Amino acid sequence: LVQSLMFCLYPFNMQVTTMPEYLQKRFGGKRIQLFIAILYLFIYIFTKISVDMYAGAVFIQQALQWNIYVAVVVLLLITALYTVAGGLAAVIYTDAAQTGIMLIGALTLMGFSFAEVGGWNALLEGYATAIPSVRDPNTTCGIPRDDAFHLFRDPVTSDLPWPGILLGMSMPSMWYWCSDQVIVQRSLAAKNLLHAKGGSLLAAYLKILPFFMMVLPGMISRILYPDEVACGDPEVCTEVCGNPVGCSDIAYAKLVMKLLPSGLRGLMMAVMIAALMSSLTSIFNSSSTIFTMDLWRHIRPRATEWELMLVGRMFVLVLVVVSVLWIPVVQASQGGQLFIYIQSISTYLQPPVSIVFLTGCFWKRTNEKVCLCVCVGEREGERERERERERETERRSRERGRKCKYRVHYSDFCNSFQSLTAENWKERRPKEVLALGMTSEIYLLERVLRVGVVIVTSELR
């Protein structure tokens, strides 16, 4: 909805092909364009492409009992066949056709899942008792969470506190839906602004469905197959899915293979493969577009259209190779939970990009230098934040009574004021703050907040 109502207007009116190109036209410099383009490619390789390939390989492995790397190669060959040859037009048309198939198949599986478990009340009662028969009695591994059905969890003791969900996930979500090239590229390719906004609105309403089509069936899968989906012993997990850290990634595939009859099973296999291919083709096309239009044109300004097309296709092959090499890391990390792996990387990289696009669209005084400082400064702040989290983990076992508001890191305050130090403000400034590029009011407010942060942090330490 935000993309349709706010962010769709400015890039579309500038007639750009990529989001880094929009920043170049907005600020007039190439540094921010190159930085964001490289950052986007990094995110695509280490979160999007490798995770999608691993998820597809897990499903093929469960369905056909193939080796995971053989499944990856087969999936990539089928995907690359029409991505490289057809371009964005082929991607859009195939995605539109696959959407209908995916909706029919996923809704059908949801109906079978609820019928098998006994309805909503049976889901609520059965999930709490979905414990594997083989587990370590000295740990809580394999035991369902008490707050599994609560979206807003405890702000102090929970691993997913509700302030972190509302505030911490807002910026990554804004990046994904409003400035990610994979998503926004469809709007940029629309015939007119009305089509771009209408497509974004339709996607917003369709996004409501995954809760019913994926999340709830995944929880039902744990109830029906606790010894496999919720395995708590490394040896059992290795035997079930080949991953000693957990098998929750196979929950949906397990429903398809064991719950559906043979005819519908084939339909759902087509649905899963179509969904994964749709995601991969979009990422491949967007990545090659960013590389050719934002990086290669900077290296070779006089490159012909034929050269750009050839370079884009070759870059897709490079992406595939790098992503395949990264799959073992994805497989072994975050306890077998793909969503946790994705968020563990994206939350470090996406918030500053969201701030850059937000201020670039709606604040005329933002300049390129400030945006670069925000992006680079956030990297250093996140490194310090990670070290602080490690120290905080040790303290939590001794200090359970600490309030939620005291856990806010000081860099969260500072990040809010980084963008206020722009050098192109035209107001009259006193001599003592001239070097800082701020008005006296902003300077005073920033000083007061810094003093407050120092007092709070000193009291806590």
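Taking the numbered list (1) among the β-branched types (Val, Ile, Thr); (2) in contact with a Gly (Cβ under 8 Å, 6 or more places away or on another chain); (3) crowded, with 18+ Cβ neighbours inside 10 Å in turn, VAL184 passes all entries but (2).
Each row is one residue, and each column tells you yes or no for (1) under 30 Å from LEU295 (Cβ atoms); (2) surrounded by fewer than 21 Cβ atoms within 10 Å (Cβ to Cβ); (3) of a type outside the set (D, E, K, R); (4) not assigned by TED's automatic domain parsing to the domain that holds SER282.
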residue	(1), (2), (3), (4)
MET6	yes, yes, yes, no
PRO20	yes, no, yes, no
LEU23	yes, no, yes, no
GLY29	yes, yes, yes, no
LEU34	yes, yes, yes, no
ILE68	no, yes, yes, no
THR79	yes, no, yes, no
ALA96	yes, yes, yes, no
LEU107	no, yes, yes, no
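A quick yes/no check of all residues on (1) more than 18 Å from THR129 (Cα to Cα); (2) without any contact (Cβ under 8 Å) to a residue 12 or more places away in the chain; (3) assigned to a helix (DSSP H, G or I):
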position: LEU216; (1), (2), (3): no, no, yes
position: MET219; (1), (2), (3): no, no, yes
position: ASP227; (1), (2), (3): no, no, yes
position: GLY232; (1), (2), (3): no, no, no
position: GLU235; (1), (2), (3): yes, yes, yes
position: THR238; (1), (2), (3): yes, yes, yes
position: PRO244; (1), (2), (3): yes, yes, no
position: ASP249; (1), (2), (3): yes, no, yes
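One residue stands out in region 104-134 among those that are in contact with a Leu (Cβ under 7 Å, 6 or more places away or on another chain) and of a type in the set (Ser, Thr, Tyr): the one that is farthest from ALA230 (Cα to Cα), namely THR108. Quick check, is GLN61 part of a helix (DSSP H, G or I), buried (at least 23 other Cβ atoms within 10 Å of the Cβ) and out of contact with any Lys or Arg (no Cβ under 6 Å at 6 or more places or on another chain)? For GLN61, the condition - part of a helix (DSSP H, G or I), buried (at least 23 other Cβ atoms within 10 Å of the Cβ) and out of contact with any Lys or Arg (no Cβ under 6 Å at 6 or more places or on another chain) - is not met.
With the structure loaded, tell me whether PRO132 is assigned by TED's automatic domain parsing to the domain that holds LYS258 and assigned to a loop (DSSP other than H, G, I, E, B) or whether it fails that test. Considered against the rule, which asks whether it is assigned by TED's automatic domain parsing to the domain that holds LYS258 and assigned to a loop (DSSP other than H, G, I, E, B), PRO132 comes out as yes. Evaluate region 37-60: report whether one residue or more is more than 24 Å from the chain's Cα centre (by Cα) and in the same structural domain as GLU239 (by TED's automatic domain parsing). Looking through region 37-60, none of the residues is more than 24 Å from the chain's Cα centre (by Cα) and in the same structural domain as GLU239 (by TED's automatic domain parsing).
Of all residue pairs spaced 6 or more apart or on separate chains, those with beta-carbon atoms under 8 Å, a first member in region 255-267 that is modelled with pLDDT of 80 or more and surrounded by 13 or more Cβ atoms within 10 Å (Cβ to Cβ) and a second member that is assigned to a loop (DSSP other than H, G, I, E, B) and not hydrophobic (A, V, I, L, M, F, W, C) are LYS258/TYR225. Taking helices (runs of 4 or more DSSP H) that fall entirely within region 1-51, which contain at least 3 residues that are within 16 Å of GLN350 (Cα to Cα)? Because the criterion is at least 3 residues that are within 16 Å of GLN350 (Cα to Cα), the helices (runs of 4 or more DSSP H) in region 1-51 that meet it are 19-27, 31-43. Condition check for ILE273 on (1) surrounded by fewer than 21 Cβ atoms within 10 Å (Cβ to Cβ); (2) more than 29 Å from ALA96 (Cβ to Cβ); (3) modelled with pLDDT under 80: one failure, at (2). Is it fair to say SER221 is modelled with pLDDT of 85 or more and of a type outside the set (A, V, I, L, M, F, W, C)? In short, yes. For beta carbons closer than 7 Å, sequence separation of 6+ or different chains, a first residue in region 115-138 that is within 17 Å of GLU235 (Cα to Cα) and a second that is among the aliphatic types (A, V, I, L, M), the qualifying pairs are ILE131/ILE143; PRO132/ALA230; VAL134/VAL236.
On the given criteria, is ALA148 surrounded by 12 or more Cβ atoms within 10 Å (Cβ to Cβ) and in a loop (DSSP other than H, G, I, E, B)? Considered against the rule, which asks whether it is surrounded by 12 or more Cβ atoms within 10 Å (Cβ to Cβ) and in a loop (DSSP other than H, G, I, E, B), ALA148 comes out as yes. Does ILE104 count as closer than 29 Å to LEU23 by Cα and in a helix (DSSP H, G or I)? Here the answer is no, as ILE104 does not meet what is asked.
Hey, among the residues in region 279-335 that are of a type in the set (S, T, N, Q) and at pLDDT 85 or above, which one's farthest from GLN98 (Cα to Cα)? Residue satisfying both the conditions and the ranking: THR304.
The values are calculated or read from the model by the stated rules, or taken from the named source; none is laboratory data. Since we're looking at a predicted model, the values are computed, not measured. No Cβ is skipped: glycine too gets one built from the backbone with ideal geometry, and neighbour counts run over all protein chains shown.
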